[in-house]
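To start, the structure itself, in structure tokens.
The values are calculated or read from the model by the stated rules, or taken from the named source; none is laboratory data. It should be emphasised that the depicted structure is a prediction, and the values quoted were computed from it without experimental measurement. Here the Cβ positions follow ideal geometry from the backbone for every residue, glycine too, while neighbour counts run over all protein chains shown. These area figures cover heavy atoms from the full protein model, side chains too; ligands, DNA and RNA do not enter into them. Shrake-Rupley method; radii C 1.70, N 1.55, O 1.52, S 1.80 Å.
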Amino acid sequence: MKRQAASRADVEDYAGRQEDRTDHRSGFGDGAAHSGPLFERRLRRRDLTGVREVRAELRRFLARWGAPGRAETAELLTSELVTNALVHTDGGAVVKAAFTGMAGAALTGAAGRAKGRLRVEVRDFVAAHPALGGPGTDIGPVRDSAAEMNDIEKAATSGRGLLLVHALSDGWGVCAHGVGKSVWFELAAQEP
């Protein structure tokens, strides 16, 4: 399975430039062209109930897209990115999803299921870039102390969002904006 991920060096190199790559024609921050319908949802600061609503709306948007399980994967990855944006920043978020790289009639295949590539972006308004890490990455050897046990418990329930995006998407990355950033992922309709 081929993966495309923005390396930390690429992200840091791009973040150092003051260029705004927002493509207002496509609605996506890195100039990716889309075709067909566009899903967009704005969430207020700390609106964690909005995560459930985004999943439900995205489920309807993807009702006739992809092989079995692909829409569910898109929902999971989207909810991870939205939750990160709402929990780790002080502002709201904007979620966008669209099909890229294929035009109208080419989007549907056998059984009327759409087969285009899905791109989802979650934009927030904080410039700090997320780090790919995982449970326990900041925790040293386990010792018998209450503080360290608390850190271990926190790691057991958080820190997996970007690891899931990295593992389950066909590609992902971070695009800097004049204010904030977008974290995006792409999924093909069929698993590679």
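The residue that is nearest to residue 85 (Cα to Cα), among those in the range 177-188 that are surrounded by fewer than 22 Cβ atoms within 10 Å (Cβ to Cβ) and small (Gly, Ala, Ser), is 180. Inclusion of residue 43 among residues that are in contact (Cβ under 8 Å) with a residue 24 or more places away in the chain, of a type in the set (A, V, I, L, M, F, W, C) and open to solvent by less than 20 Å² (accessible area, probe 1.4 Å) is warranted. Across the range 61-90, the number of residues qualifying as more than 18 Å from residue 119 (Cβ to Cβ), assigned to a helix (DSSP H, G or I) and open to solvent by 20 Å² or more (accessible area, probe 1.4 Å) comes to 2. Of all residues in the range 112-133, at least one satisfies being at pLDDT below 90, of a type outside the set (Asp, Glu) and not in a loop (DSSP other than H, G, I, E, B).
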